[in-house]
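The values are calculated or read from the model by the stated rules, or taken from the named source; none is laboratory data. Since this is a predicted model, take the numbers as computed values, not measurements. With ideal geometry, Cβ positions are generated from the backbone for all residues, glycine too; neighbour counts draw on all protein chains shown. For the accessible areas, the whole protein counts, side chains as well, though only heavy atoms, and no ligand, DNA or RNA atoms are used. Shrake-Rupley method; radii C 1.70, N 1.55, O 1.52, S 1.80 Å.
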Amino acid sequence: MNAAYEPWSAARCTEIIGAYAHVEGGVIVVLHAIQHAFGYVPEPAIPMIAEARNLSRAEVHGVFTFYHDFRHEPAGKHVLKICRAEACQAAGGDALTARAEQQLGVKLGHTTADDRVTLEPIYCLGLCATAPSAMLDGRIVGRLDEKRMDALLVEAQR
Amino acid sequence: MSLKVYIPCDAAAVCVGADELVAAFEAQAAQRKLEIEIVRNGSRGLLWLEPMVEVATPNGRVAFGPVEDKDVASVLDAMIADGPHDLRLGIADDITWLKKQTRLTFVRCGIVDPRPVEDYVAHDGYKGLTRALSMDSAGIVADVTTSGLRGRGGAGFPTGIKWKTVADAQADRKFIVCNADEGDSGTFADRMIMEGDPFVVIEGMTIAGIAVGATKGYIYIRSEYPHAIIAMEEGIKAAKRAGWLGDNIKGSGRAFDLEVRVGAGAYVCGEETSLLESLEGRRGIVRAKPPLPAHKGLFGKPTVINNVLSFAAIPFILDNGAKAYADYGMGRSRGTMPIQLAGNVKFGGLFEVAFGITLGELVDDIAGGTFTGKPVRAVQVGGPLGAYFPPSMFDTPFDYEAFAKRDGLIGHGGITIFDDSVDMSKMARFAMEFCAVESCGKCTPCRIGSTRGVETIDKIRRGEQVADNLLVLQDLSNTMKFGSLCALGGFTPYPVMSALKHFPEDFGPVPQVQAAE
Ligand SMILES: Cc1cc2nc3c(=O)[nH]c(=O)nc-3n(C[C@H](O)[C@H](O)[C@H](O)COP(=O)(O)O)c2cc1C
Ligand code: SF4
Ligand code: FES
């Protein structure tokens, strides 16, 4: 598991939920905060949110599954998101994505066997004039070419 | 001697090394015992030149770009000596690409330090709100209406009419919502203005609040924009500290407060009713209209929801008058549009200009064609729901009605350029696939039609009953166009059908490449 995150703790989760109790319509805010703490949204968190916010478990689960951002399980140590939207495709993104998949040995949407890298598509980072673009653990990278992509892949596999 | 150096904090500069440059400049200066003040300005939008570094001189700011780490020592030499350098671009304000623009909304972007509110005020910020505070609701709304401003989020609905509806509504609470979901590929103007001049968005929303009688606003920013989220949060805090937000704005007795909310990676949440659902903490399922958000919006209350650029245009209008804005443009498209040039582009970036400029001027002259140097084959205007245009249609003027007449849309003003290596049936397939992935699931034509669309294009590309499947594709597109509740399902046929219409030669069996799986 990624050292940047805390191990699951129901007490900590209760604390997070409580910290946002006053936020009107704040289910997504709470889900973000829980994922920020644990690296994903552990299953027991769903009924806890539901109870605290007086919602049904199904409602909260529905919200959780609707949004692409929320993880059901921990990601690899590093997360590499490659932009797959049109402007990055126009700038040569397809070949670079194939290169990343080949070097990591996984397809987009998967994590390497050693749990080091989760490779994911992302649809536009707003860096479409310095395309192709990617994001490694929250750090944005633009003007990718083979050399810059290779350097990024080395960094991701550390 | 001391130097004042500007290194942009804009994500487009950061993604090509601007943060590292700050450290490198500081280290070089320390080594030379040189006093250096580094300002993290926004970007001026000449993105092919990023990181574009500027130095203050008695004659104005001199720009260098694109600066890499290895250039820092020599650029610093040139800055100190005011001497020549290969990367020297001259006085930033005099760069032709900037001088050709009409910057009303982006007038401060790249120039000011986006953090201190004092810098904003020193550059004519908050003049619009100051005037608005002396006016009544009807007067403010009348100014917005007369300016001719139409929503910059895509649909182009007159902003003044929307505001009037909310102003006239009776309710215990009303809301202002800023749509900063900017999911369209090829667009980044919202991101740039939030990072480079956050107070203009805050001021625009505050004026909206004063105009319609709302005291609370939300800015819904997509999670893919971490820098913009921080910039807006910091901006709100600074505005509060300075008394420009809060219970008693600058002693006027008027109240307005703002909160940032972060999206969670759903494209459809850019659709206004889906966004409102999301703000309320639910799945982003599109609501049927009516009721309009202006009558029943956030938490069921009358709500003004506008795009970032719509709000950002407001301070200019209130400060300089509706006519000053309406004097620009053509037909029913008044004012300026911050156009974004993206993709395989030589001179990519943000180009704010009055409506009426032709697509060809933008693509060939301003953008300079492709960075690969190959001929432009197609451009997509208006994001994933926008049509593809071939060069034979480059005489189309940038204007809502002119684009609609040619089965296209200007949307949020993004132009994505493709060279002649593009495979247009693949782009059509992508449009369908994107719709399938991002569909909120409410209507069948969108949810199922898009998946069928992907399968059908796959068959065409495999050479299976091509003529029949082309008919199926057209049928599907029509069903989606007329049977969808919102523009995700309703407009996905635009890129698909325009690709088919203008590039029919790409819709047939694709030669199998040996290496492909
Ligand atoms: C699928 C879909 C995505 C949209 N995405 C955005 C967006 O990211 N930003 C935006 O301002 N408007 C977006 N819109 C348009 C909004 O529904 C709405 O028209 C807009 O927020 C109104 O503000 P405006 O009048 O200032 O343009 C989208 C519409 C659809 C159908
Ligand atoms: S067209 Fe698609 S995204 Fe829009 S409401 Fe229908 S199913 Fe949802
Ligand atoms: S399309 Fe990749 S950053 Fe916008």
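Of all the helices (runs of 4 or more DSSP H) wholly in the stretch B:97-171, which have at least 2 residues that are of a type in the set (V, I, T) and either closer than 25 Å to B:I410 by Cβ or within 16 Å of ligand 3 (Cβ to nearest atom) (or both)? Here the list reads B:137-147, B:159-168. In this entry, A:D69 passes the filter for residues that are more than 21 Å from A:L144 (Cα to Cα) and of a type in the set (D, E, K, R).
Tallying residues that are without any contact (Cβ under 8 Å) to a residue 60 or more places away in the chain and not basic (K, R) within the stretch B:403-436 yields 9. Within the stretch A:114-143, residues that are closer than 23 Å to B:I339 by Cβ and facing chain B (nearest Cβ under 7 Å) reach no partner that is at pLDDT below 95 and open to solvent by 40 Å² or more (accessible area, probe 1.4 Å) with beta carbons closer than 6 Å at six or more positions or on different chains.
Contact annotation: residue pairs with Cβ atoms under 8 Å, 6 or more positions apart or on different chains, pairing a residue in the stretch A:87-98 that is away from ligand 2 (no atom under 16 Å from the Cβ) with a partner that is open to solvent by 10 Å² or more (accessible area, probe 1.4 Å) and of a type in the set (D, E, K, R), are A:G92/A:D145; A:G93/A:R84; A:L96/A:D145; A:L96/A:E146; A:T97/A:R84. In summary, B:R103 fulfils each of the numbered conditions (1) surrounded by 15 or more Cβ atoms within 10 Å (Cβ to Cβ); (2) touching a helix residue (DSSP H, G or I) at 6+ places or on another chain (Cβ under 6 Å) with the single exception of condition (2). Number of residues in the stretch B:233-257 that are away from chain A (no Cβ under 14 Å), under 16 Å from B:A180 (Cβ atoms) and out of contact with any Lys or Arg (no Cβ under 7 Å at 6 or more places or on another chain): the value is 2.
Within the stretch B:412-464, how many residues turn out to be assigned to a helix (DSSP H, G or I) and of a type outside the set (S, T, N, Q)?
Selection size over the stretch B:412-464: 29.
Check whether at least one residue in the stretch B:483-493 is more than 16 Å from ligand 1 (Cβ to nearest atom), modelled with pLDDT of 95 or more, of a type outside the set (A, V, I, L, M) and not assigned by TED's automatic domain parsing to the domain that holds B:G154, and report yes or no.
No, there is no match, as no residue in the stretch B:483-493 is more than 16 Å from ligand 1 (Cβ to nearest atom), modelled with pLDDT of 95 or more, of a type outside the set (A, V, I, L, M) and not assigned by TED's automatic domain parsing to the domain that holds B:G154.
What are the residues in the stretch A:144-158 that are within 10 Å of chain B (Cβ to nearest Cβ) and either in contact with a Ser or Thr (Cβ under 8 Å, 6 or more places away or on another chain) or in contact (Cβ under 8 Å) with a residue 60 or more places away in the chain (or both), if any? Within the stretch A:144-158, just A:L144 meets the criteria. I'm trying to understand the selection: among the residues of the stretch B:341-367, which are assigned to a helix (DSSP H, G or I) and closer than 18 Å to B:A387 by Cβ? Scanning the stretch B:341-367 gives B:L359, B:G360, B:L362, B:V363. Screening B:F398 on (1) more than 11 Å from every other protein chain (Cβ to nearest Cβ); (2) away from ligand 2 (no atom under 16 Å from the Cβ); (3) under 28 Å from B:G508 (Cβ atoms) shows it passes everything except condition (3).
Of all residues in the stretch B:183-194, none satisfies being more than 14 Å from chain A (Cβ to nearest Cβ) and open to solvent by less than 10 Å² (accessible area, probe 1.4 Å).
Residues to consider are B:G463, B:G441, B:G449; find the one that is over 13 Å from B:F507 (Cβ atoms) and more than 14 Å from chain A (Cβ to nearest Cβ).
None of the others qualify; the one that does is B:G449.
Restricting A:E59, A:E86 to those that are surrounded by 19 or more Cβ atoms within 10 Å (Cβ to Cβ) and within 11 Å of another protein chain (Cβ to nearest Cβ) reduces the list to A:E86.
Looking only at residues in the stretch B:264-305 that are of a type in the set (G, A, S), within 20 Å of B:R173 (Cα to Cα) and outside any helix (DSSP H, G or I), which one is nearest to the other protein chains (Cβ to nearest Cβ)?
Within the stretch B:264-305, the match that is nearest to the other protein chains (Cβ to nearest Cβ) is B:G281.
Which ones in the stretch B:161-176 are open to solvent by less than 10 Å² (accessible area, probe 1.4 Å) and touching a Lys or Arg at 6+ places or on another chain (Cβ under 9 Å)? B:V166, B:F175, B:I176 - these are the residues of the stretch B:161-176 that are open to solvent by less than 10 Å² (accessible area, probe 1.4 Å) and touching a Lys or Arg at 6+ places or on another chain (Cβ under 9 Å). Quick check on B:E271: is it closer than 22 Å to A:Y123 by Cα and open to solvent by 20 Å² or more (accessible area, probe 1.4 Å)? Considered against the rule, which asks whether it is closer than 22 Å to A:Y123 by Cα and open to solvent by 20 Å² or more (accessible area, probe 1.4 Å), B:E271 comes out as yes.
Pairs meeting the criteria (first residue in the stretch B:306-324 and within 14 Å of chain A (Cβ to nearest Cβ) and assigned to a helix (DSSP H, G or I), second residue of a type in the set (S, T, N, Q) and within 16 Å of ligand 3 (Cβ to nearest atom), beta carbons under 9 Å, at least 6 apart or on different chains) are lacking. Look at the stretch B:157-175: where a residue is over 21 Å from B:E259 (Cβ atoms) and assigned by TED's automatic domain parsing to the domain that holds B:P315 and a partner is loosely packed, with under 15 Cβ neighbours inside 10 Å and modelled with pLDDT of 95 or more, sitting 6+ places away or on another chain with Cβ atoms under 8 Å, you get B:A167/B:A138. If you go through the stretch A:34-45 one residue at a time, do you hit one that is buried (at least 18 other Cβ atoms within 10 Å of the Cβ) and farther than 22 Å from B:R222 by Cα? Within the stretch A:34-45, one or more residues are buried (at least 18 other Cβ atoms within 10 Å of the Cβ) and farther than 22 Å from B:R222 by Cα.
Could you grab me the full set of residues in the stretch B:237-257 that are outside any helix (DSSP H, G or I), surrounded by 14 or more Cβ atoms within 10 Å (Cβ to Cβ) and not hydroxyl-bearing (S, T, Y)?
Of all residues in the stretch B:237-257, those outside any helix (DSSP H, G or I) come to B:242-248, B:252-257.
If we keep only those that are surrounded by 14 or more Cβ atoms within 10 Å (Cβ to Cβ) too, we end up with B:242-246, B:252, B:254-257.
Passing the criteria: B:A242, B:G243, B:W244, B:L245, B:G246, B:R254, B:A255, B:F256, B:D257.
Note on the stretch A:121-151: residues that are in a loop (DSSP other than H, G, I, E, B), surrounded by fewer than 24 Cβ atoms within 10 Å (Cβ to Cβ) and away from ligand 2 (no atom under 16 Å from the Cβ) amount to 4.
A:A113 fulfils the conditions (1) crowded, with 24+ Cβ neighbours inside 10 Å; (2) assigned to a loop (DSSP other than H, G, I, E, B); (3) not β-branched (V, I, T) except for a single criterion, (1). Among the candidates B:D71, B:D93, B:D77, the residue that is away from ligand 3 (no atom under 16 Å from the Cβ), without any contact (Cβ under 8 Å) to a residue 60 or more places away in the chain, buried (at least 19 other Cβ atoms within 10 Å of the Cβ) and of a type in the set (D, E, K, R) is uniquely B:D71.
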